[in-house]
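The values are calculated or read from the model by the stated rules, or taken from the named source; none is laboratory data. Being a predicted model, the structure only gives us computed values, none of them experimental. Here the Cβ positions follow ideal geometry from the backbone for every residue, glycine too, while neighbour counts run over all protein chains shown. Just the protein is used for accessible areas: all its heavy atoms, side chains included, with ligands, DNA and RNA removed. Shrake-Rupley method; radii C 1.70, N 1.55, O 1.52, S 1.80 Å.
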Amino acid sequence: MPAPDPDGVLAEQLLRLTRRIHRSQKRQLESAEVAITPAQSRLLRAVAHHEGAPRMADLAARLEVVPRAITSLVDGLEASGRVRRVADPANRRVVRIELTEAGRETLRTLRGARRAAAEDVLAPLTKEQREVLGGLLSTLVDGIDGVPERGC
């Protein structure tokens, strides 16, 4: 029997942890009666973190998806009253996306659900262990930028 692959084991642990966080966050959102998909929540965060109202193309680039995917996401968020399309005052052919008050409230709920999910997952760790884990994760996240993905 071959020896276990440490990187493979670590990758599996990270995937399991990510799934656990997502399930916990989903439960939090369901209990708050917030119906939103993970893709829609990513889009809301992207709109909120953009300086000024972004164009659809800006959102597609930031989320690394095709523009058509952004159109579908905006349609759903607009139907739920979380965003609105507005004409760019400098060029009326350009459509920009703005958060509504309902969108800002949804973001507050999402942040709370994310914090609760993190607390659920991190509960077994001491404060010191959380700090070490945070440093390790920062190193990994910072190392991702500029590194091309390798095949499986």
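Quick notes
- Theoretical gain in end-to-end length, residue 71 to residue 13 [0.36 nm per residue, Cα-Cα removed]: 17.4 nm
- Rg/Rg_ref, region 71-152, where Rg_ref = 2.2 N^0.38 Å and atoms are Cα: 1.65
- Surface share of carbon and sulfur [accessible, 1.4 angstrom probe, percent] for region 1-150: 56 percent
- Accessible area per residue for the chain, computed on protein heavy atoms with a 1.4 Å probe, is 72 Å².
- Taking 84, 45, 115 and ordering them by how much accessible surface each has at a 1.4 Å probe, largest first, produces 115, 84, 45.
- Here the spin labels are modelled as points 7 Å beyond Cα on the Cα-Cβ line, and at residue 95 and residue 61 they lie 1.9 nm apart.
- Computed over the chain: relative contact order in percent, which uses C-alpha pairs under 8 Å that are six or more apart: 24 percent
- R0 of 22 Å, Cβ-Cβ distance residue 31-residue 130: FRET efficiency to nearest 0.05: 0.35
- Computed over the Cα atoms of the chain, the ratio of the radius of gyration to the Kirkwood radius (Rg/Rh) comes to 1.04.
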